[in-house]
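The next block holds one structure in the form of structure tokens; read it before the comments.
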Amino acid sequence: MSDKDIIICRCEDVTQAEVEAAIDGGITDPEELKRFLNVGLGPCQGRTCGRLVLQILARKTGKPVSEIRATKTRPPLVSVPIKEFIGSDDD
Amino acid sequence: MTKSYDAIIIGGGIIGTATGYYLSKQGLTVLLLEKDYLTAGSTGRCITGIRQQFSTPATIKTAMRSVALFSRMEEELGRDVEWTNSGYIFLAHDEQKVETFKKTVALQKQFGLDVDYLSAEECKKIVPMLNIDGLLGGTWCPSDGQASPFFVVQAYAENMVKNGCEIIRGDEVTGITVKSGRVESVTTASGAVYGAPMIVNAAGPWAREVGRMAGVELEVEPERHEALITEGVAYMNIPMLVDYRKEGGYFVQRTTGQFIGCYTPEHQVKGRDTGSTLEFIAEMARRMCRLIPALEDVAILRQWSGSYSMTPDGSPIVDETSVAGFFCSVGMSGHGFMLGPALGESLAGYMVNKTWPFDMSEFAFGRSFGAKEDLA
């Protein structure tokens, strides 16, 4: 199977080939990969792809995963409809 | 031996990369130094809006030039930057704002901007989902728009490198050497020294500290602004809505279908904290639904904050400083992404030819800070 067919981020449809090309282009920080590929910015907020991106980075840069700064996790952690935050007079 | 360049830029956001690109286009060899990763400062935390509705001549002209540059960015830089003319509506809920808006629209029209003052009913025609309770009117500029800050910076950075320039990430400038009143070189955290006859401070919220390295005091103060983004939903035709009420805010539907927005905190929060708060999510949710009730079913995905680098008058400082060869493009006061392309082009032109495209004395270094921008 070609790297172009391996999906790393399902929410934003990012392939392994795209992640590797960005790293080859000098983007070696997970935060910058996130911004330029949208990897991890979809509905799952990186739950699946976050780890995969770190593993690809570790393989390509030779740095262990433990030494790579993972991307920041932001609230609300799971997507929550706006109405849940608003409440009503009865609450 | 010290490696030398025609110019060194400190900061890898919209200001640094745009200035670098336009310098490279004129054949200069440029080194851009970014202490973290590209867009790590204010640019990557902004809410993507690009407007031309301002209240002073130089800002209006700069913003109009930026829109012209955004419009042909994909063609010039070879990357889709998600630019679209989705427009901006400034909403007036009190008589004072009506007066201000009528005055600013008249000024903007003098420069050829396609802007109009509309009644509340006319606003509703443009945004059928808008709740117009209490609305007196609004200003509508259909050529205002939005783009992805990430893709714009990426496009400028790629083209800089293509033009023979260098970008170094993850190495912080720790010192600037000045000799006989002129810049000479920078020193970085890794111990490297790079020389150049021209150095640009494009350090956003760190601009004051970078200025001091060369002995230049810049009146730039970072302030915290929070923001959020929702999941993508079907297109609802919502341009950037700017609500100036005490419990107002501003938000837009992105080309991705997501809503992105923020509000100005009631009390200024100084500093560079980029953390998150649940309080903001609840408050912003309420404010968004007050304007567009249909948003209540849209799910919030992510909340963060970023820095506005404020000057006392709300306009940037773009000029050569009191140290020869030391330039600054700082104090964007929340408008860096939208003004960035045109400011980059103007400053690059000034550094090479010593001429500005039009009177930019409003942005001069060492000006006395007078009246504040009306459409801050």
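Bear in mind these aren't lab numbers, they're just calculated from the coordinates by the rules spelled out. Given the structure is predicted, the values throughout are model-derived calculations rather than measurements. Ideal geometry is used to build each Cβ from the backbone, glycine not excepted, and the neighbour counts take in all protein chains shown.
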Computed over chain B: longest principal axis from alpha-carbon atoms vs helix B:95-110 long axis, angle to nearest 10 degrees, is 50 degrees
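Only bridges whose two residues both fall in the protein assembly as shown count here: according to DSSP, what percent of them are antiparallel, nearest 5?
About 70 percent, rounded to the nearest 5.
Taking only C-alpha pairs under 8 Å that are 6+ residues apart, what is the relative contact order of chain B in percent? Intermediate values should be presented prior to the final figure.
Values: 872 pairs, mean separation 89.3, N = 376.
Here the relative contact order equals 24 percent.
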Computed for the protein assembly as shown: size of charge dipole around the Cα centre, +1 on C-beta of each Lys and Arg, -1 on C-beta of each Asp and Glu, debye to nearest 20, value 780 debye
With residue B:327 itself left out, Lys, Arg at +1 and Asp, Glu at -1 over residues whose Cβ is under 15 Å from its Cβ give -3
Simple spin-label estimate for residue B:168/residue A:70, 7 Å along Cα→Cβ, in nm, reads 3.2 nm
Rounded to one decimal in nm, the spacing of the 7 Å Cα→Cβ label points at residue B:71 and residue B:187 is 4.9 nm
The Cα extents of the protein assembly as shown along the principal axes, largest first and rounded to whole Å, are 70, 59, 39
To the nearest 0.05, the calculated FRET efficiency linking residue B:36 and residue B:107 through their beta-carbon distance, R0 being 35 Å, is 0.35
Partner lysines whose C-alpha sits under 28 Å from that of residue B:61, ignoring same-chain residues fewer than 8 away, are B:25, B:97, B:102, B:103, B:109, B:354, B:372
FRET efficiency for residue A:84 and residue B:179 from the Cβ-Cβ distance with R0 = 56 Å, rounded to 0.05, comes out at 0.35
With +1 at each Lys and Arg Cβ and -1 at each Asp and Glu Cβ, the charge dipole magnitude of chain A around its Cα centre, to the nearest 20 debye, comes out at 400 debye
Each label sits 7 Å from Cα toward the beta-carbon; between residue A:6 and residue B:282 the label points are separated, in nm, by 4.5 nm
Taking Lys and Arg as +1 and Asp and Glu as -1, residues besides residue A:45 with C-beta under 9 Å from its C-beta add up to +3
Taking Cα atoms only, helix B:278-291 is inclined relative to the longest principal axis of chain B by an angle, in degrees rounded to 10, of 50 degrees
Here FRET efficiency (C-beta to C-beta, residue B:374 to residue B:267, R₀ 22 Å, nearest 0.05) is 0.55
In region B:1-98, the trypsin sites (Lys or Arg not before Pro) that sit in a DSSP loop and have at most 12 other Cβ atoms within 10 Å of their own Cβ are B:72
The farthest towards the positive end of the charge dipole of region B:156-303, of the residues B:180, B:299, B:229, given +1 on Cβ of Lys and Arg and -1 on Cβ of Asp and Glu, is B:180
Protection proxy (average C-beta count within 10 Å per residue), highest first, orders B:172-185, B:209-222 as B:209-222, B:172-185
